[in-house]
Amino acid sequence: MNREAPDILSPEFAADPYAAYRVLRDDFPLLHHEATGSYLVSRYEDVERAFKDPVFTTANYDWQLEPVHGRTILQMSGREHAVRRALVAPAFRGTALEETFRPVIERNAAELIDAFRGAGGADLVAEFATRFPVNVIADLLGLDRADHDRFHRWYTAIIGFLGNLAQDPDVTEAGLRTRDEFAAYLLPIIRERRAHPGEDLLSSLCAAEIDGTRMSDEDIKAFCSLLLTAGGETTDKAISSLVHNLLQHPEQLAAVRADRSLIAPAFAETLRHSPPVHMIMRQTAEDVTLGGGRVPKGATVTCLIGAAGRDERRYADPDVFDLHRTDLATTTAFSAAADHLAFALGRHFCVGALLAKAEIEVGVGQLLDALPDLRVEPGAEPRERGVYTRGLDALPVRFSPTPAPRSASPGSACTRG
């Protein structure tokens with residue numbers, strides 16, 4: 001070993017983390033990063049273990065998430081976690097997902113695409129990806145469409161807080177201010193839904209009950225804050241990355257156009273190859289050996305998902321995007337049996353994974369339907385930005401203009417609030 005350890009806070013890392021990840025995997029599989037006070041792990045087997053082994057807890061979320069969200073399901077363990085997860089999970093799978101969520105997803109995708117399909121060009125990040133998942137979540141919760149811009153600003157501020165590894169005080173202040181603004185906005189609506197429930201997700205959360213346990217107003221507010229942030233940021237970046245990956249590989253794009261069932265494998269491969277979340281933290285409950293070294297009890301472990309997904313010890317040709325690869329299970333990619341790491345694993349596997357899959361399938365499918373000759377704008381060079389979360393800053397595209405269907409009806413979504 002004769003290379004210097006990469007610094008995850010350096011400009012060089014922000015510009016190209018993948019080169020640094022290779023050095024970390026090869027030479028520094030366990031690295032104590034002094035500036036963040038955490039231990040970095042970068043190999044697939046070590047990140048997988050940190051997600052599955054109960055010695056790695058989510059106690060870090062007490063200081064990482066709670067200041068902006070309140071106490072969330074991610075911080076809970078044992079029976080408390082099992083009951084809270086059972087209260088919210090049914091809304092994100094099976095009949096509820098198909099009958100309640102999918103029509104909302106389809107309507108929101110169509111409305112956004114109809115706004116630019118006649119223009120012959122668009123920035124798919126600004127005009128579609130950043131708006132689509134936030135609009136869907138707001139509509140599912142039955143919140144006022146007039147507030148969508150506010151929701152987008154809130155989730156952007158919270159994501160900035162969570163990824164504030166350099167501890168910029170302005171970013172911290174913006175995140176804490178958002179916590180107060182979101183609580184002041186949502187808590188009165190929660191109380192109103194308890195008194196006058198509707199058919200929306202927020203009303204369902206208010207009514208959910210298991211063994212006499214119901215979610216408090218604060219529980220629901222914290223879950224909605226988490227849902228808006230995690231569901232918005234990750235799906236936002238995944239959509240633009242997936243589309244860009246396909247545009248860079250015309251033969252794979254042609255395969256997806258011919259067989260839309262390949263959207264899900266393309267999504268799974270994007271989560272491995274260019275995930276929206278590059279880092280997830282855990283905290284050790286006792287001294288533990290990991291990555292060939294020792295991590296003390298109570299330490300923060302930063303799991304580098306972006307590095308683990310490119311680990312040549314686990315995947316063949318890991319820097320190559322290939323939706324047909326045989327060493328990534330796509331049938332289980334959106335369940336707790338997933339073998340990519342973008343949704344975490346174990347008891348804290350992402351409860352919204354199937355919602356994300358539905359949004360990606362609908363959103364990308366409608367883009368391909370509406371824009372048959374979609375291509376990157378000539379001369380454009382889309383680039384990834386970000387460290388904690390990472391995605392394209394813009395995706396300018398060109399296509400032949402097509403008129404919106406006559407039956408399109410913007411504004412048909414729920415506007416109660």
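The values are calculated or read from the model by the stated rules, or taken from the named source; none is laboratory data. Model, not experiment: these values are computed from the prediction. Here the Cβ positions follow ideal geometry from the backbone for every residue, glycine too, while neighbour counts run over all protein chains shown. For the accessible areas, the whole protein counts, side chains as well, though only heavy atoms, and no ligand, DNA or RNA atoms are used. Shrake-Rupley method; radii C 1.70, N 1.55, O 1.52, S 1.80 Å.
Odds and ends about this structure:
- Looking only at residues of segment 3-39 that are part of a loop (DSSP other than H, G, I, E, B) and among the hydroxyl-bearing types (S, T, Y), we find that the one that is modelled with the lowest pLDDT is T36.
- Across segment 172-189, the number of residues qualifying as free of Cβ contacts under 8 Å to residues at least 12 places away in the same chain and either of a type outside the set (S, T, N, Q) or crowded, with 17+ Cβ neighbours inside 10 Å (or both) comes to 4.
- Considering T331, T302, T389, the condition of being among the polar types (S, T, N, Q), surrounded by fewer than 19 Cβ atoms within 10 Å (Cβ to Cβ) and either out of contact with any Asp or Glu (no Cβ under 7 Å at 6 or more places or on another chain) or within 30 Å of I158 (Cβ to Cβ) (or both) is satisfied by T331 alone.
- Scope segment 115-139; condition in contact with an Asp or Glu (Cβ under 8 Å, 6 or more places away or on another chain) and either more than 23 Å from L368 (Cβ to Cβ) or among the basic types (K, R) (or both); matching residues: A138
- Filtered residues of segment 190-220 (kept if open to solvent by 10 Å² or more (accessible area, probe 1.4 Å) and either among the small types (G, A, S) or within 16 Å of R179 (Cα to Cα) (or both)): A195, G198, S204, A207, A208, G212, S216, D217, E218, D219
- Condition met for G142 (touching an Asp or Glu at 6+ places or on another chain (Cβ under 9 Å) and either acidic (D, E) or part of a helix (DSSP H, G or I) (or both)): no
- Odd one out for E359, checked against (1) farther than 16 Å from K52 by Cα; (2) open to solvent by 10 Å² or more (accessible area, probe 1.4 Å); (3) among the charged types (D, E, K, R): (2)
- Test: residue in segment 286-296 that is within 30 Å of R375 (Cα to Cα) and open to solvent by less than 10 Å² (accessible area, probe 1.4 Å): no
- Criterion: open to solvent by less than 40 Å² (accessible area, probe 1.4 Å) and among the aliphatic types (A, V, I, L, M) - qualifying residue of A14, A19, A35: A14
- For segment 126-138, a residue qualifies if it is touching a helix residue (DSSP H, G or I) at 6+ places or on another chain (Cβ under 8 Å), open to solvent by 10 Å² or more (accessible area, probe 1.4 Å) and part of a helix (DSSP H, G or I), and the qualifying residues are E127, N135.
- Of all residues in segment 22-32, those being under 19 Å from G386 (Cα atoms) and surrounded by 22 or more Cβ atoms within 10 Å (Cβ to Cβ) number 1.
- When we screen A254, A308, A316 for residues that are at pLDDT 95 or above and surrounded by 20 or more Cβ atoms within 10 Å (Cβ to Cβ), the only hit is A308.
- Restricting segment 212-248 to residues that are out of contact with any helix residue (DSSP H, G or I) (no Cβ under 9 Å at 6 or more places or on another chain) and either among the polar types (S, T, N, Q) or closer than 30 Å to P378 by Cα (or both), the residue that is modelled with the highest pLDDT: Q248
- Residue list for segment 148-170, restricted to those being open to solvent by 50 Å² or more (accessible area, probe 1.4 Å) and in a helix (DSSP H, G or I): D149, R150, R153, T156, P169, D170
- Restricting segment 100-125 to residues that are in a loop (DSSP other than H, G, I, E, B) and open to solvent by 40 Å² or more (accessible area, probe 1.4 Å) leaves a set whose member that is farthest from V362 (Cα to Cα) is A119.
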